[in-house]
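The structure under discussion appears below in the form of structure tokens.
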Amino acid sequence: MTQQGAVLQGYNNELVKCIEDLCMQKEELNKQIQQAEEEKSKLQHEIQVLNEQLECVCENLAQKVASRNKLDKILAETEAAYMKILDSSQTLLSVLKKEVGS
């Protein structure tokens, strides 16, 4: 019986060691999970901040594009009006030259 008790005690010791090893693995895994959750939270916050910054940049860009388009229109209208003035000036000059020549 003593030999069986010693064998049983050996199994028991081995079983306790396995259980302790599993508990240590669980603790390590819990630490890794906690670190991953903290990293996830940090990244989600950074994404939120970046999304807010992106929204501001997009709004600013849209305003600048609208201003540029307005300036393009004004410039085109001004150039067209200037060309009309040049044509009128040329016509007036031609008329004056004819009048002076005759």
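The values are calculated or read from the model by the stated rules, or taken from the named source; none is laboratory data. Just so it is clear, the structure is predicted and the values come from calculations on it, not from any experiment. Calculation scope for accessible area: heavy atoms of the full protein, side chains included, ligands and nucleic acids excluded. Shrake-Rupley method; radii C 1.70, N 1.55, O 1.52, S 1.80 Å.
For K98, indicate whether it is at pLDDT below 95 and part of a helix (DSSP H, G or I). Quick ask: steps written out before the conclusion?
On the way: at pLDDT below 95: yes; part of a helix (DSSP H, G or I): yes.
Answer is yes for this residue.
Would you say K40 is at negative phi, modelled with pLDDT of 95 or more and open to solvent by 100 Å² or more (accessible area, probe 1.4 Å)? Let's see the steps before the verdict.
Numbers: at negative phi: yes; modelled with pLDDT of 95 or more: yes; open to solvent by 100 Å² or more (accessible area, probe 1.4 Å): yes.
The answer is yes for K40.
Of these, V100, V57, V95, V65, which one is open to solvent by 100 Å² or more (accessible area, probe 1.4 Å) and β-branched (V, I, T)? Outline the logic, then answer.
Values: V57 fails: open to solvent by 100 Å² or more (accessible area, probe 1.4 Å); V95 fails: open to solvent by 100 Å² or more (accessible area, probe 1.4 Å); V65 fails: open to solvent by 100 Å² or more (accessible area, probe 1.4 Å).
Within the list V100, V57, V95, V65, the selection yields V100.
Would you check if A6 is more than 27 Å from the chain's Cα centre (by Cα), part of a helix (DSSP H, G or I), small (G, A, S) and on the phi < 0 side of the Ramachandran plot? Let's see the steps before the verdict.
Values: more than 27 Å from the chain's Cα centre (by Cα): yes; part of a helix (DSSP H, G or I): yes; small (G, A, S): yes; on the phi < 0 side of the Ramachandran plot: yes.
It is true that A6 is more than 27 Å from the chain's Cα centre (by Cα), part of a helix (DSSP H, G or I), small (G, A, S) and on the phi < 0 side of the Ramachandran plot.
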